[in-house]
Structures are given as C-alpha cells and as structure tokens.
1. Any chance the stretch A:137-156 includes a residue that's open to solvent by 10 Å² or more (accessible area, probe 1.4 Å), closer than 15 Å to residue A:234 by Cβ, modelled with pLDDT of 90 or more and not in a loop (DSSP other than H, G, I, E, B)?
2. Hey, residue B:188 hits all of (1) surrounded by fewer than 24 Cβ atoms within 10 Å (Cβ to Cβ); (2) within 21 Å of residue B:359 (Cα to Cα) but one; which does it fall short on?
3. Can you give me the number of residues within the stretch B:297-321 that are in a helix (DSSP H, G or I) and more than 30 Å from residue B:156 (Cβ to Cβ)?
4. Checking residue A:188 against (1) assigned to a strand (DSSP E or B); (2) free of Cβ contacts under 8 Å to residues at least 12 places away in the same chain, which test does it fail?
5. Please list, ordered by first then second residue, the pairs with beta carbon atoms under 7 Å, 6 or more apart or interchain, first in the stretch A:289-317 and within 14 Å of chain B (Cβ to nearest Cβ) and under 15 Å from residue A:247 (Cα atoms), second at pLDDT 95 or above and part of a loop (DSSP other than H, G, I, E, B).
6. Looking at B:33, B:28, B:44, which one is open to solvent by less than 50 Å² (accessible area, probe 1.4 Å), touching a helix residue (DSSP H, G or I) at 6+ places or on another chain (Cβ under 9 Å) and either at pLDDT 90 or above or in a helix (DSSP H, G or I) (or both)?
7. Hey, can you tell me all the residues within the stretch A:7-44 that are among the polar types (S, T, N, Q) and either surrounded by fewer than 14 Cβ atoms within 10 Å (Cβ to Cβ) or at pLDDT 75 or above (or both)?
Amino acid sequence: MTLRTRLLIVVGAAVLLAVAATGYTLRAAARHPAHTGAGARIVLGTPGQIVFRDMRMGPGKDHLAAVASASPGAPRADSGLVCARFHAAAGTGLCLRNRPGLTPSYEAVVVDAALREHRSYDGAGIPSRTRVSPSGRMAAWTVFVSGDSYGGTNFSTRTSILDTRTGHLVPSLEQYRVIKDGAPYRSADINFWGVTFADDQHFYATLATRGKTWLVAGDTAKRQVRTLHQNVECPSLSPDGTRVAYKKRVRSAAGGNPWRLTVLDLRTMRETPLAETRSVDDQAVWVDGGQVAYSLPGDYGSDLWTVPADGSGTPHRLMTAALNPVF
Amino acid sequence: MYLSAGRVADAAGGVARRDAGRRALRLVAPNVVALGAVSLITDVSAEMVTAVLPLYLVAGLGLSPLAFGFVDGLYGGAGALVRLAGGHLADRRARHKLVAGAGYALSALAKPALMAAGSVPAVAAVLVADRVGKGVRTAPRDALISLSSPPGAQGRAFGLHRAMDTTGALLGPLVAFAVLSAAHQDYDPVFVASTCFAVLGLLVLWLFVRDRDGAAGGSVRATLTVLRGARFARLCASAALLGVSTVSDSFVYLLLQRAVDLPVRYFPLLPVGTAATYLLLAVPLGVVADRAGRGRVFLAGHAFLLLVYGLLLSPLGGAALVAGCLALHGAFYAATDGVLMAIAGPLLPEGTRAGGLAVLQTGQALARFGGSLAFGAAWTWWGPHTALWAGAVSLATAGACAAALLGARRSAGPDRQEAEA
C-alpha cells in the first residue's frame, strides 16, 4: 500500500468513527431532555405515602417518586426531581445529586414540602448518605471524596452539617473536637459518615480512625463529638431516641459482605442482631418504632426490605428498584 | 547501522549536516512517530474511561466504595506480570507489532464490554482484561521504538513518543468531559467514543507501524543472560534503588494539597500540571540526553525530584510552591521515564530487547510500589513531615549509589561515542 492509500484509509475511518461517536452521543442526549422536568405533584409528609428514589430504567430513573404505603407495588408518581440520595422530615427535604463534570462533584439541595428547590450547596465527592433532623431544621450529608486518601485506591468521606434556618454550614465534621474514650483525640486519618439527628443540636454518627469505627454522640453547639461504642457504621436513631440501628462489621471486608444489621440499645449498650443475615450496606430508616427499612442489591441496583427491629421475624421485600425511602 | 529515511535522503541529496536543530528531530524514525500517534490516540481512549470510571462505578452502577477500592486495586495491580510475558512473546519470534497489536486490541474490546458489564465481577473482569492489554503491549512497543532508532538518537525518540503519549493523556479527560456534558451525564456515549478512538489507534498501528525483521530467537534464558551483563544489571539496580526512594505521585499531590490547603475540587488539576511540564520537556530533555549523556540526565531528573521534596519541606507556600513543585515534578518525569528506556535499549541485544525492557520496567514498578508502601507506613507512624525528610535522605543516598553505578558504566561504555556517531 502506498502512503497515500494508507492516509486515505485512516482519514476515512476517522471520519466514520467520529460520525458514529457523535451520532450516538446526540441520540443519548435526546433520550434525556433536561433533568428535573415538572412531574406529578408530591407533597412531603402526606400520611400513608412512601417517597423514594426510583431506580427503574426509563424516563423516571433517579427521580423522586411516591406510592401509597398500603400498596407499594402500585404505579409510581414521578415528581421529576433528580436525587441520588434523599431524606426528609417535617416538610424539609435534602436532595443530594451528582453534578456533571470531570471530577466527582455533587449538589446538596434543600427542598420544601412541595419539592421546590430553595438553597443549594456544591462540593466535591459522590453522594452517599443524608439525613434531616426531626424538626426539619438541620440537614447532614456524607460524600465520598476521591483522591483524598493515602494510597489513592481508597475513598475517604466528608460529612457536612447545614442549619437550613440560618444557612450556617459546617463543611466538614473533621473540624469538630473528638473525645475518644474520655480523652481528646487527634489523628490525620479521621473520617465521619452517616449522621442521624436526635434533635437540632444533638446527633449520632460514625467516626473511623486507624481501621476501626465508633458510634459518636455529637453536639453542634459545642462543636464536639465523643465516642460511645465501637464497631458501629451508618447509625440510624429510632423515633423514640432510645435505639440505634446500624451496620456492624462481623466478617472481613475481603469477602465483600462484612456487615450485619444490628440494633444498639443506647441505655444498656446491648446489641441485638436483626433477622436479616445478608450483608447490608445502607443507613437504615425506621418505618415506625418496631421496624427498619434498608436497601439490598437488586436487579436495578437496589430493592427495599424491612425487618423487625427486635431481632425477631424475617426480612420482607417492601418494593423493588427503590432507594432512600421516607415514610 | 540503522539509517532513518530522513538521513538517507540527506545523504543522497548531499545535504550538509549543519542544521543541528532540524537534524535532532530528523533522527527520529517515521516508525517512532507512528507509534507516538498510536499511543496518543489510544491514551485519549484510555484516559476518557479512567476519568469517568469512579463516577460510573459508584454513582452509575451503585457499587459500594468498598467494592470500588477492590476493583481499583485489581485494575492497578494486574499489569506487572503480563508485561514480562508480553516482552518475552515479542522477542521469541520478533513479532513486536503483532504482540503490541494484540494488547491494543484487547484494551479496545474492553471499552464496549465495560458498557455491557452490569455486575461487579463482570466489571472487574473487564478492567483486568483492559490492564492485561496495556501490560502486554508496553514492552514490545518500547522495544520497537528502540529498535527503530539509531543508538545515538534513542533519547529524542523516547522523548517524542512520551510527549505524544502525554498529549493523549491530557486530551482524554477533556474529550470525556465534552461528551459527558453533551449527553446529559449519560455514560455510554463516553464508552462508545472511547471505543472509536481505540479502533482508530489500532488502525494507525496496523497501517503505519512497521515491524522490525530479524533479530528473533529471544528466549527466557537469553533474557536472563542479559541480566547477568554487568552494565544492564547496574542500570536495573540503579533504577530499582531510585524507584524505592521515589515518593509516588498521589503522595506528592496530597502533600502539596495540604501545604497550600487547596480546595479538594482542584485536586484533580495537580496531575495536569505535572503532565503539561512533562509534555513540554520530554523532547528537549531527550535531545539533551543524547548529547550530554543519558545517565547524567537520568540522575539530574532525580535531582529535580529531590528539589520537589525540598520545596515541600521549605516554608514556601501558595502559588509559587504549587508551580515550582509541578514544574520540577514534570521535569523529573521528562528526564527519567523515556530516558531510562533510551539508556537500556542499546545495552540489550536486538533479540532480547522487549524482554529486557520488560524486566527493567517491572523491576522499577515493583520498587516504586514498595517505596510507596514504605512511605505510606512512614507517614502513618511519623507524620508527613518526618516521612518526607526520610524520603529525601533515602533519595539522596540512592542517587549517590546510582551515580557510582552508572558512572562506572559510562567511563567503560561507548555511550558518548554513539551519541556523536
């Protein structure tokens, strides 16, 4: 082949490939018009309703949707609001979503009961957990920040707390004083994740350092956390404030299924393993005082399950292709 | 003696060889330019995927970060052993182009497969296949660059190749970003575009890269014999010693980020600074290496790295620190990465060049991995400041040892004469 022939072949192929790639990209763009289209009207706090992230493939994927809790398999109302993680209480919601870009970045959006967007905060990282305090005033979220760890192969977390009334934002809980086993503690490798609020001032969360995790009790006024109990991840406080449902690491991480869903009684510090024996990687949500809901991998990424909070009974699949329920 | 097309033309036309600057680049064989183009296009393809991979796996597929760490480790670790196999295969029948092409093809196939893989084991398998492809092709490709270039122009040949390679690595994330924003955050167009680039790279390899005939018959024994050669063994020892004392990129960026309290969102821009300097300096330093001695430039490169440590330990801060560190870090790569291959090439018989280069690259990679583990441990026990001091002392010591090892080689070797030939 002459040089001319070879150049012609390469140029021709480059044009064809460019047309193919561009065509595919444009078709994909047409599949999703802009996000957050106006959808069905959903009002947070409506009794007998579950609001959640819809995981089904299709136009409603990753939108907040609602079904009646009496018939969770019924057709879903699609709000049009895109959220990767969501939680709400007392008419205030916190929607964490990914922002397009080269590096992982997110947007934390405060929404009202009608899911109208009020304030939003940008940051770097991939959305992981979010919680709103029972009064709806405080909101917390955790993201995974890439490139913020020693080896570059692990992710590190960053947890922020926002006062939605004053707009005061604590960008990272790592600014707080840590009291570990009664003494002040400092370490470069501290990570926080999974805040759950008791009230507008007090919260619980996970603290990790030197390969171990602790349940910590935090105080936003004192800007301080203190350790309570070891081996607690992603705590979720019961509605009466006496128990915490959490992920307990019971096996090595190498097998990929290290956690057992467990409930800790905060008065006696007694642990009760729940009847769910599969490894749960989620911050559970209390359906009521007696049941918790959580996510397990499913055909569309996540299914929702419930199990009694006292260790009895068996797991029950509440709905498929859903995440982050708010009851 | 090898004569590039340009030099033949010069000789035929009776052109005086006065124009040193032009001559410097004319000494680079068309084959090297073709391989550079293949690397550029393939790196656009690879870096597009690397840029969106964490997002795709964690945000798109819903992989837990724990599983991501596992996959990421697999992704990084799979390359080393296949590199040795790739080098050996290429030597045995002198089929450098075929073996490198197989590696490029495997990586190209991995891109659409990634789109189809829905489960964690499937994604992990595809990523490992992608890395195997990269591992297999590296040594034959470098051997082909080396075999296509006269001994006196090895430095500039590798310099040009690495500059083109880095250009692709810089363009990849930009292309990914453009596609991602055009497609409203949909990932599959990124993979489709990446596949298209990979196919184009393969095509350029097939049409424009020529294999080098002859020089077959490399065997495992022949490769091991090469290691027994004093000059190559000393070079491997120097590279390993310096590799162990090299603080890995992610630590350098992490230290830099802490020193100036850089917002996390700008963190991914730090490697871009290093790559840009690398890109600018790769060819000039390659030419300097050919003229002034490659061993010297290789050692000077590590002196640049020592200066990076020095800057990080100094009270300097702000933009000056960032600019200084990234410039020196890029210069470190420009003076060491391709230059090391350029030193090694002429020391290896043609029949074992790919295998020998693979041994050197793998040894250096393992040394750097060990160094990275040691530095991580030192950081945890002593804190970043003391760890960096330890790293600097270790690097200075390794540099002195390497200077002694390479100096012995230079006085005995015809390196300078070759450069003048």
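1. No, the stretch A:137-156 has no match at all.
2. (2)
3. Just the residues of the stretch B:297-321 that are in a helix (DSSP H, G or I), to begin with: B:297-313, B:318-321.
Cutting the leftovers down to more than 30 Å from residue B:156 (Cβ to Cβ) gives us B:312-313, B:318-321.
The number of residues fulfilling the criteria is 6.
4. (1)
5. A:294/A:284
6. Numbers: B:33 fails: open to solvent by less than 50 Å² (accessible area, probe 1.4 Å); B:28 fails: either at pLDDT 90 or above or in a helix (DSSP H, G or I) (or both).
Sole residue among the options that is open to solvent by less than 50 Å² (accessible area, probe 1.4 Å), touching a helix residue (DSSP H, G or I) at 6+ places or on another chain (Cβ under 9 Å) and either at pLDDT 90 or above or in a helix (DSSP H, G or I) (or both): B:44.
7. Keep residues of the stretch A:7-44 that are among the polar types (S, T, N, Q), which gives A:22, A:25, A:36.
Hits for the stretch A:7-44 are A:22, A:25.
Conditions tested, residue by residue: (1) within 27 Å of residue B:293 (Cβ to Cβ); (2) in contact with a His (Cβ under 6 Å, 6 or more places away or on another chain).
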position: B:114; (1), (2): no, no
position: B:122; (1), (2): no, no
position: B:126; (1), (2): no, no
position: B:134; (1), (2): no, no
position: B:138; (1), (2): yes, no
position: B:145; (1), (2): yes, yes
position: B:151; (1), (2): yes, no
position: B:162; (1), (2): yes, no
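The values are calculated or read from the model by the stated rules, or taken from the named source; none is laboratory data. Small disclaimer: the values here were computed from a predicted structure and weren't measured. Cβ atoms come from the backbone with ideal geometry, glycine included; neighbour counts cover every protein chain shown. Ligands, DNA and RNA are stripped out before the accessible areas are found, and what is left, the full protein with its side chains, is counted by its heavy atoms. Shrake-Rupley method; radii C 1.70, N 1.55, O 1.52, S 1.80 Å.
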